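A.B. asks: Starting off with a structure, shown below.
The values are calculated or read from the model by the stated rules, or taken from the named source; none is laboratory data. This is a predicted model, so every value here is computed, not measured. Virtual Cβ from ideal backbone geometry, glycine too; neighbours counted across all protein chains shown. SASA here: full protein model, heavy atoms, side chains in, ligands and nucleic acids out. Shrake-Rupley method; radii C 1.70, N 1.55, O 1.52, S 1.80 Å.
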Amino acid sequence: MKKYTVGVVGATGMVGQRFVTLLENHPWFQLTVVAASSRSAGKSYEEAVGSRWAMATPIPEEAKSLVVLDALADRETIASSVDFIFCAVDMKKEEIRALEESYAKLECPVISNNSAHRWTPDVPMVIPEVNPEHLQVIQAQKSRLGTRRGFIAVKSNCSIQSYAPALHPLRRFGITQILVCTYQAISGAGKTFTTWPEIVDNVIPYIGGEEEKSEQEPLKVWGTVEHGQIVPAAAPSITAQCLRVPVSDGHTAAVFVSFREKPSVEEIKTVWKNFQGRAQELALPSAPKQFLHYFEENDRPQAKLDRDLEGGMAVSLGRLRPDTQYDYKFVGLSHNTLRGAAGGGVLLAELLCAEGYILPR
């Protein structure tokens, strides 16, 4: 098959770097453009990243010599030379919204890692295994933007990936309320232990905006498409508390949940084991074969042991047991820069291509 040509806008940041590594040897996608701020424009990608390269593997050879373009000033050049872009820029929300819409209006589809458009009613916020049907809202978005092939699709917040996918197939039992506490890795803040020594031997009980996202975003993911917009679900009620912990990668969630029709422990485990989404049905290149993995050991999942399961694209679960105030409690874990960020973006792009929403130019 003809490979799709792809650009990464915001390529020098941590999530942008992850996109660059994931595109190396991708069977469908060929990285041809990298873009960043005007400070990096005109340099080779290797020179622009320099000592800030934060990945465990070296800069891919195919990316090293690419000349970095200006994400703002070179929009027309970028949009005309790729089939679509991944966007992972570090800007103010209103600036990101304007930037992403400008690319879409230049007829370049945008797969965004940013939060700026997550609450735009006709922008789908998709976990491919959970709500692929939300992609149908893209046609209404194109009508609003006046585009033929340009649109924006976003992935959800990294922290909800550690628990929303596990709760999704249990909605058949009528989930009534959820309490979740997340313990979030420092890479979610774009940090390493070298750049953030203050986090060592420390826990920070506040991550700006994170609790609101954790309580609200699952409701959009579980919403319905009505009259060209996504209407968030009215229930269940969700309350969240989010802490930053001294872990390099991997967001852990302690989850408490109650149901209208309480299932048994074995029923829940069977549902998790058998759950497959559209990504598995289509056998997308980045999709985990087993999306939800349950560990019987009392001390699993652990970030250090389990975050890289199935290329960091699976969700690990454990410690399912009855609770004294809710029906059940369990622990979830997902890799925040793979499943939760760039990997989730690549999987979303694969879904958009497989379902015909993105066609090669």
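A.B. asks: Taking segment 195-247 as the region of interest, how many residues are among the aliphatic types (A, V, I, L, M), in a loop (DSSP other than H, G, I, E, B) and open to solvent by less than 80 Å² (accessible area, probe 1.4 Å)?
C.D. replies: Result for segment 195-247: 6.
A.B. asks: While we're here: Looking only at residues in segment 79-92 that are open to solvent by 10 Å² or more (accessible area, probe 1.4 Å) and not charged (D, E, K, R), which one is nearest to VAL346 (Cα to Cα)?
C.D. replies: Step by step, filter segment 79-92, then rank; the result is ALA88.
A.B. asks: Identify, please: which residue in segment 154-194 is assigned to a helix (DSSP H, G or I) and basic (Lys, Arg) and is, among those, farthest from SER248 (Cα to Cα)?
C.D. replies: Selected residue: ARG172.
Residues checked against (1) open to solvent by 10 Å² or more (accessible area, probe 1.4 Å); (2) touching a Ser or Thr at 6+ places or on another chain (Cβ under 7 Å); (3) in contact (Cβ under 8 Å) with a residue 60 or more places away in the chain:
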site	(1), (2), (3)
GLU94	yes, no, no
ALA98	yes, no, no
PRO121	yes, no, yes
ILE138	no, no, yes
ALA166	no, no, yes
ALA189	yes, no, no
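A.B. asks: Moving on to the next point. Do we find a residue being closer than 20 Å to GLY343 by Cβ, acidic (Asp, Glu) and out of contact with any His (no Cβ under 9 Å at 6 or more places or on another chain) anywhere in segment 292-304?
C.D. replies: No: zero hits.
A.B. asks: Might you check whether a residue that is over 27 Å from GLU350 (Cβ atoms) and in a loop (DSSP other than H, G, I, E, B) occurs anywhere in segment 43-65?
C.D. replies: Yes, segment 43-65 contains a residue that is over 27 Å from GLU350 (Cβ atoms) and in a loop (DSSP other than H, G, I, E, B).
A.B. asks: Considering segment 316-354 alone, what residues qualify as being β-branched (Val, Ile, Thr), in a loop (DSSP other than H, G, I, E, B) and under 25 Å from PRO263 (Cβ atoms)?
C.D. replies: THR324
A.B. asks: May I pose another question? Go through the residues of segment 254-268 one by one and say whether even a single one is of a type outside the set (Lys, Arg), under 20 Å from the mean Cα position of the chain (by Cα) and either open to solvent by 50 Å² or more (accessible area, probe 1.4 Å) or over 27 Å from LEU135 (Cα atoms) (or both).
C.D. replies: yes
A.B. asks: Suppose we filter segment 269-300 for residues that are hydroxyl-bearing (Ser, Thr, Tyr) and surrounded by fewer than 17 Cβ atoms within 10 Å (Cβ to Cβ); how many remain?
C.D. replies: 1
A.B. asks: Oh, and also: Does ALA303 count as buried (at least 19 other Cβ atoms within 10 Å of the Cβ), at pLDDT 95 or above, touching a Phe, Trp or Tyr at 6+ places or on another chain (Cβ under 9 Å) and not β-branched (Val, Ile, Thr)?
C.D. replies: For ALA303, the condition - buried (at least 19 other Cβ atoms within 10 Å of the Cβ), at pLDDT 95 or above, touching a Phe, Trp or Tyr at 6+ places or on another chain (Cβ under 9 Å) and not β-branched (Val, Ile, Thr) - is met.
A.B. asks: For GLU107, state whether it is assigned to a loop (DSSP other than H, G, I, E, B), open to solvent by 10 Å² or more (accessible area, probe 1.4 Å) and either touching a Ser or Thr at 6+ places or on another chain (Cβ under 6 Å) or under 25 Å from LEU23 (Cβ atoms) (or both).
C.D. replies: Spelling it out, GLU107 is indeed assigned to a loop (DSSP other than H, G, I, E, B), open to solvent by 10 Å² or more (accessible area, probe 1.4 Å) and either touching a Ser or Thr at 6+ places or on another chain (Cβ under 6 Å) or under 25 Å from LEU23 (Cβ atoms) (or both).
A.B. asks: With respect to LYS142, is the statement that it is in contact with a helix residue (DSSP H, G or I) (Cβ under 9 Å, 6 or more places away or on another chain), surrounded by fewer than 23 Cβ atoms within 10 Å (Cβ to Cβ) and charged (D, E, K, R) true?
C.D. replies: Spelling it out, LYS142 is indeed in contact with a helix residue (DSSP H, G or I) (Cβ under 9 Å, 6 or more places away or on another chain), surrounded by fewer than 23 Cβ atoms within 10 Å (Cβ to Cβ) and charged (D, E, K, R).
A.B. asks: What number of residues within segment 66-78 are open to solvent by 20 Å² or more (accessible area, probe 1.4 Å) and assigned to a helix (DSSP H, G or I)?
C.D. replies: Counting residues in segment 66-78 that are open to solvent by 20 Å² or more (accessible area, probe 1.4 Å) and assigned to a helix (DSSP H, G or I) gives 3.
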